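Have a look at the structure below before the remarks.
The values are calculated or read from the model by the stated rules, or taken from the named source; none is laboratory data. Computed from a predicted model, the values in this text were never measured in an experiment. Ideal geometry is used to build each Cβ from the backbone, glycine not excepted, and the neighbour counts take in all protein chains shown.
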Amino acid sequence: MIRAAALFSYYDLTLLLEGFLTTFALSLIGCLGGFVLGFAAAILRTTRSRVMAPVRAALFVYAMFLRRVPFLVTLMLVFYATQSLHANLPTFAVASISICLIAAAYLGEITRGGLESVHANQWQGARALNFSHWQTLRYVIVPQAWRVILPPTFGFLVMIIKDTALASQIGVMELTAAGKVLGNKGVPAVLVYGAILMLYFSMSYPLARLGKHVERRLAAARNH
Amino acid sequence: MPLLEITDLKASYGSHTALEGITFSLEKGDVVSLIGPSGSGKSTLLRVLMGLTPHAQGSVRFDGRIIDYADDAAVRALRADVAIVFQQYNLFQNMTVLDNVTITPIKIKRWPRRAALQHATELLARMGLSHRLHAYPDELSGGQQQRVAIARALALRPRMLLLDEITAALDPELVGDVLATIRELSGDGMTMLIVSHEMGFVREVSSRVVFMAEGRIVETGTTQQIFDAPLEARTIDFVGKILRH
């Protein structure tokens, strides 16, 4: 144990910690950004007015394309698009934007499915009582949809943590990239990747637990 | 002046004509029943009146005002005066009995909370549901759910009630309680337009009966006339079949 610890220099540990924090930040931004954007997209797609038709069409196309393209491709696309616009964004920002875009596409579809799972007579009942579209969503539809939305949402969020590893492809020094550097430096690979495994787990496990907790709290709403 | 006056109403689903030439009116305190075979347009008519289904032509007047169904504010004003109870209750599954009844007065109408709660509690007591205020809809029997739905409609103090086959989804032994509630409301002078297949009940509570078939009104008359001395062949046929049961 002491020998193993000695294999990591102070520099190595700092690198690993930085990688961990970067992965954590990317995951957090991806989860929150993706959830907020995806939720908004799903809500906008419940509208019925003609004015909103182009927005609905755009969101439909967006969700369809992004879910059919490998994450790496989206990442490269955002990377080169921002480069060609001379936006000169840091790679961390590029990775954050990409993760949010992809998470929004998936979580938007999950949320939409949840909203549509609520029986049509709930909409009708609310309409007859003069609820507006937004009031119906807020008081009636969304509370009943959580039950369907939450389990796959947290499943996807855990996957997002793993997918942040792809950010290393555009030069973000996140956890997996840090592992590669340490491996190249000669730190035993099993040790490095064992440590990385534990670090990924230390993020995804609490998130999965949080998911269960939130499901129990919010999904307590009765539904048929 | 009639409270509700329907003139030459027409509605269609695609090429199928659901309603055609519907004309009749209700005075305040009237209880009118719509009867007729399935698919004759009775429920569609109630949905059109509530602005839940669009209609192609004709006019609806409530309390003297013509309702412009294209105007959101006008439809909302109408729904403030006319409440509907559905066959499937349509109670909000995520809310308790009390919340189902109070949410519209409190959150949508912004009436004072305390008064809304008190009114809801009274209504639910009247429905015999005082012991189930904090139950969720799926913990109740169908008959109890339907009485909650009636209380929810009454919580808005409507001037008229539309009842859309409210006993059709209930087990036979549960029908009685719901009908007793409606009977009581009619006794209180509530104006009601009822779609029902419970002929004994229709006969008992209605002042007038409208017989519909294939989207049209075949015959309108007093309850006694429609049941005892119908004039049209189709009415005779329908009533005859039903009374033989």
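For the stretch B:99-112, filtering for residues that are polar (S, T, N, Q) and at the interface with chain A (Cβ under 8 Å from one of its Cβ atoms) leaves 1. Check the stretch B:121-128 and report whether any residue there is buried (at least 18 other Cβ atoms within 10 Å of the Cβ) and within 13 Å of another protein chain (Cβ to nearest Cβ). No - not one qualifying residue is present in the stretch B:121-128. Do the conditions hold for A:L115, that is, is it within 30 Å of B:L161 (Cβ to Cβ), surrounded by 15 or more Cβ atoms within 10 Å (Cβ to Cβ) and either free of Cβ contacts under 8 Å to residues at least 60 places away in the same chain or not basic (K, R) (or both)? Judged against the criteria, A:L115 is not a match.
All of B:R183, B:R152 fail the test of being modelled with pLDDT of 85 or more, assigned to a helix (DSSP H, G or I) and touching an Asp or Glu at 6+ places or on another chain (Cβ under 9 Å), apart from B:R183. Consider the stretch B:30-46 and keep the residues that are within 14 Å of chain A (Cβ to nearest Cβ) and within 15 Å of B:T17 (Cα to Cα). The one that is farthest from the chain's Cα centre (by Cα) is B:T44.
For B:Q118, the conditions (1) of a type outside the set (F, W, Y); (2) more than 24 Å from B:G176 (Cβ to Cβ); (3) within 14 Å of another protein chain (Cβ to nearest Cβ); (4) in a helix (DSSP H, G or I) all hold with the exception of (3). Scan the stretch B:44-61 for residues that are surrounded by fewer than 21 Cβ atoms within 10 Å (Cβ to Cβ) and on the phi > 0 side of the Ramachandran plot and the total you get is 1. Of the residues making up the stretch B:133-150, those that are more than 8 Å from B:V97 (Cβ to Cβ) and of a type in the set (A, V, I, L, M) are B:A149, B:I150.
Taken over the stretch B:62-98, the criterion of being facing chain A (nearest Cβ under 9 Å), crowded, with 19+ Cβ neighbours inside 10 Å and part of a helix (DSSP H, G or I) is satisfied by B:R79 alone. Considering A:R67, A:R48, A:R56, the condition of being among the charged types (D, E, K, R) and touching an Asp or Glu at 6+ places or on another chain (Cβ under 8 Å) is satisfied by A:R67 alone.
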